[in-house]
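Here is the structure we will look at.
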Amino acid sequence: KDRQLSDEMILAFGLGYSNPYSDDLYKYLRGKGYSEELIRKAGLINTDERQGVYDKFWNRVMFPIMDVNNRVIGFGGRVMGDGKPKYLNSPETVVFDKSRNLYGLNRARTSRKPYMIICEGYMDVISLHQAGFNNAVAALGTSFTSGHASLIKRYAKEVVLTFDSDGAGIKAALRAIPILREAGLSIKVLSMKPYKDPDEFIKALGPEAYEERIEKATNYFIFQVGTLMNEYNLDDPSEKTEFHNKVADMLLEFEDEIERNNYLESVCRTFNIPLDGLRQLVKKKGLNYIGKKQREEKETIKSGNKEKEEAVVLAQQILLTWLIEEKNIFESVAKYVSPSDFSDDFYKRVAGIFWAQMEENEANPAKIIDNFQDEDEHKKVAALFNSPLINQNLTMQEKEKAVNDAVILIKKKSLDDRAKNATDISEMQNIIQAKAQLGKIHITLN
């Protein structure tokens, strides 16, 4: 009531409170027959040595969090008085994923406006809805994510960011912009100065003034450049040059030349930067950028190849570990893989010894270790018999997946290597046929 919320809004958003007693909800739910484990999984209780079991939310104004279908999936609580933390949110549960839900979206999704207003908190959303802006939503006590952006994209093509006008609000807007851009949304940023948040602004100037601010909202890129400019003393030539260089770098993010030129002209007009000078700087940096990108792509390919090699070596280690632990699967594995398929020289030697033992029905881990006199190799082969994989209490399905994934990866690498060295068409055809069979590999553990 002190925040001037109407009864209609209080009812619409299901606002309530949790009383000052720290175990009332727990006792109430237990009395209804719910188990302590289920109440804990719902994120409604905590436990510590001093207090035992106690309610997560007590002495707080409560904000139910609903999904798009108006089902309550979590809660936010604002402390009554000066306690800490000021705001408390439900932890993530099987039904509450903070990165895929937005506060107020259950109501905002039915708005007929072509854009959504993104703000920071529960009260901002409710105040905006009360003022007639029924397209306002907020993230749920977490940073803005790609999941949030995808959710908004279902209902609108444009967003207006209306975060608090303090430093934290500006940082939050700058973090959200690239995520929203990636989702293909058009972005504007609303200035509420001299007021801190939408609630303060509307109480002071009214909904009409807020509507005007929406219409005059700044294009996101101009907002980014303006925020950057505040970090530099433009009376200092070196700082001014550095600022222009940073702006040129930002403009290079636009791959489409027409779009880049449009933003370049707008930036120069807004911030009084010489158009020809910035255009030349962007062109010069663009040439360097292309060369750099080509170098990075080459490095990425090299890095990717290295990661693939490491994955194959790990697969060989995993497969040997399971074969030594679960000798009954050897025959199934041997249908697809032989020691010659192992690309790592060390594991190829281990596999050769183990395969020979299995063919003689005399599998003996100690004898395998005896074949390696070098201390490092001795430790490496011994590690196969004491791998953390064995002690992870994996389900049968998880074990099967580990074995099958390892077999397929090892065989694929072996076939790829053979293909590189193939000398005639018939050999290449055999390799192609073998590759086509990889998807049919299925080894069952008993």
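The values are calculated or read from the model by the stated rules, or taken from the named source; none is laboratory data. The structure displayed is predicted, hence computed values, not measured ones. Positions of Cβ are backbone-derived with ideal geometry, glycine not excepted, and every protein chain shown enters the neighbour counts. For accessibility, only protein heavy atoms count, side chains too; no ligands or nucleic acids. Shrake-Rupley method; radii C 1.70, N 1.55, O 1.52, S 1.80 Å.
Selection of the stretch 71-109 for residues being assigned to a strand (DSSP E or B), open to solvent by less than 30 Å² (accessible area, probe 1.4 Å), farther than 21 Å from E8 by Cβ and in contact with a Phe, Trp or Tyr (Cβ under 7 Å, 6 or more places away or on another chain) yields I73, G74, G77.
Checked against the criteria, V53 does not count as in a loop (DSSP other than H, G, I, E, B), among the β-branched types (V, I, T) and over 14 Å from T93 (Cβ atoms).
A count restricted to the stretch 110-126 and to residues that are open to solvent by 10 Å² or more (accessible area, probe 1.4 Å), within 19 Å of D7 (Cα to Cα) and in contact with an Asp or Glu (Cβ under 9 Å, 6 or more places away or on another chain) stands at 2.
When you go through (1) surrounded by 13 or more Cβ atoms within 10 Å (Cβ to Cβ); (2) under 27 Å from the mean Cα position of the chain (by Cα); (3) assigned to a loop (DSSP other than H, G, I, E, B) one by one for F221, which number turns out not to apply? Here F221 meets the rest and fails (3).
If you check M62 against the conditions, is it out of contact with any Asp or Glu (no Cβ under 7 Å at 6 or more places or on another chain) and in a strand (DSSP E or B)? Yes: the conditions hold for M62. Quick check on Q51: is it closer than 27 Å to H129 by Cβ, over 29 Å from the mean Cα position of the chain (by Cα) and not small (G, A, S)? Against the criterion (closer than 27 Å to H129 by Cβ, over 29 Å from the mean Cα position of the chain (by Cα) and not small (G, A, S)), Q51 does not qualify. Suppose the filter is in a helix (DSSP H, G or I), over 22 Å from E310 (Cβ atoms) and open to solvent by 70 Å² or more (accessible area, probe 1.4 Å); does Q433 pass it? When the stated conditions are applied, Q433 passes them. If you check I179, I202, which single one turns out to be within 28 Å of Y87 (Cα to Cα) and open to solvent by 30 Å² or more (accessible area, probe 1.4 Å)? One residue alone meets the criteria, I179. Restricting attention to the stretch 28-70, the residues being open to solvent by 60 Å² or more (accessible area, probe 1.4 Å) and of a type in the set (A, V, I, L, M, F, W, C) number 2. Among the candidates Y28, Y21, Y87, Y34, the residue that is closer than 27 Å to G121 by Cβ, over 25 Å from the mean Cα position of the chain (by Cα) and either at pLDDT 90 or above or not aliphatic (A, V, I, L, M) (or both) is uniquely Y21.
Here A172 fulfils each of the conditions (1) within 23 Å of P194 (Cα to Cα); (2) touching a helix residue (DSSP H, G or I) at 6+ places or on another chain (Cβ under 6 Å); (3) not acidic (D, E) apart from (2).
Look at (1) part of a helix (DSSP H, G or I); (2) open to solvent by 80 Å² or more (accessible area, probe 1.4 Å); (3) over 26 Å from A136 (Cα atoms) and you find that E212 fails only one, number (3).
Listed by first and then second residue, the pairs with beta-carbon distance under 8 Å, at least 6 apart or on different chains, first residue in the stretch 22-46 and without any contact (Cβ under 8 Å) to a residue 12 or more places away in the chain, second assigned to a helix (DSSP H, G or I) and open to solvent by less than 50 Å² (accessible area, probe 1.4 Å), are R30/I39. Restricting the search to helices (runs of 4 or more DSSP H) fully inside the stretch 310-426 and requiring at least 2 residues that are basic (K, R) and surrounded by fewer than 15 Cβ atoms within 10 Å (Cβ to Cβ) gives 396-420.
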